[in-house]
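Let me begin by presenting the structure, written as structure tokens, before commenting on it.
The values are calculated or read from the model by the stated rules, or taken from the named source; none is laboratory data. All figures in this text were calculated on a predicted structure; none of them were measured in a lab. Methodologically, a virtual Cβ is constructed for each residue, glycine included, from the backbone with ideal geometry; neighbour enumeration extends over all protein chains shown. Surface areas here come from the heavy atoms of the whole protein model, side chains and all, with no ligands, DNA or RNA. Shrake-Rupley method; radii C 1.70, N 1.55, O 1.52, S 1.80 Å.
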Amino acid sequence: MSVRLHHEGTNILITLFVILLAINLPAWYFLHAHFMAIPITITVLSVIFYCLATNFFRSPHRIYEGDQKNVVVSSVDGEVVALEEVYEKEFLHKKVIQLSVFMTVLNVHANWYPVNGKVIYTAHHSGRFLSAYLPKSSTENERSTVVIETPEGQQILVRQIAGAIARRIVTYATVGETASIEDHFGFIKFGSRVDIFLPLGTEVFVKIGDKTTGGITTVARLHPEKTEE
């Protein structure tokens with residue numbers, strides 16, 4: 001698995017580098033002779049902060065090595081915070097299984113497609129910026145919705161949700177394009193969560209509190225042959 005920087009972070013990291021350089025150069029020029037501890041401290045803190053920012057925008061290339069038929073993988077790195085039966089009213093208009101994974105600022109924030117198929121719906125909704133850990137953030141926060149139809153005809157809805165810190169959702173998915181679990185469909189900047197809505201009858205392999213790896217962890221398996229209630 002190779003790791004590179006995500007293109008969403010390029011401009012931010014360049015800008016941050018210039019700002020930190022503008023702070024550090026005057027500190028060393030004016031203070032090093034009499035207050036050496038001050039520029040040293042500023043530089044150390046700057047390096048730590050820049051490393052954290054760089055870590056946030058890492059973008060590992062991941063390959064799912066198992067059988068991909070009817071498989072559902074986690075869209076993001078994080079912790080499972082919700083797993084329940086709900087009524088999805090935006091697009092599916094029926095009872096489904098909601099599986100939510102919460103990301104901290106230390107997690108990879110690229111978002112993978114959870115299933116293979118074809119994108120049939122996308123939408124962005126303005127909203128609040130409550131903590132993404134809260135259940136009501138799924139319907140009240142700033143969010144983007146993507147629906148994928150699998151080759152077997154099942155529709156899977158995945159929702160990117162902004163949080164109290166994350167206020168920038170990027171969605172690459174467009175209607176008509178092919179979805180692959182090895183590809184990114186979006187990116188959320190600075191902590192948030194992603195919800196996946198699955199048909200009733202889906203076999204779920206994770207529980208609340210489990211850790212997931214985007215594009216790698218098998219969270220469920222679809223069973224198109226089962227009759228949904």
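Below, the figures for the structure above:
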read-out	value
Residue match in segment 79-90 (condition: open to solvent by less than 30 Å² (accessible area, probe 1.4 Å) and over 26 Å from I169 (Cβ atoms))	no
Strands (runs of 3 or more DSSP E) enclosed by segment 100-205 - at least 1 residues per element that are among the basic types (K, R) and modelled with pLDDT of 90 or more	117-125, 155-162
Y29 vs. criteria over 16 Å from the mean Cα position of the chain (by Cα), open to solvent by 80 Å² or more (accessible area, probe 1.4 Å) and among the aromatic types (F, W, Y)	yes
Residue in segment 75-85 that is farther than 17 Å from P114 by Cβ, at pLDDT 90 or above and assigned to a helix (DSSP H, G or I) present	no
Residue check, V44 open to solvent by less than 60 Å² (accessible area, probe 1.4 Å) and hydrophobic (A, V, I, L, M, F, W, C)	no
Residue match in segment 2-12 (condition: open to solvent by less than 80 Å² (accessible area, probe 1.4 Å) and assigned to a strand (DSSP E or B))	yes
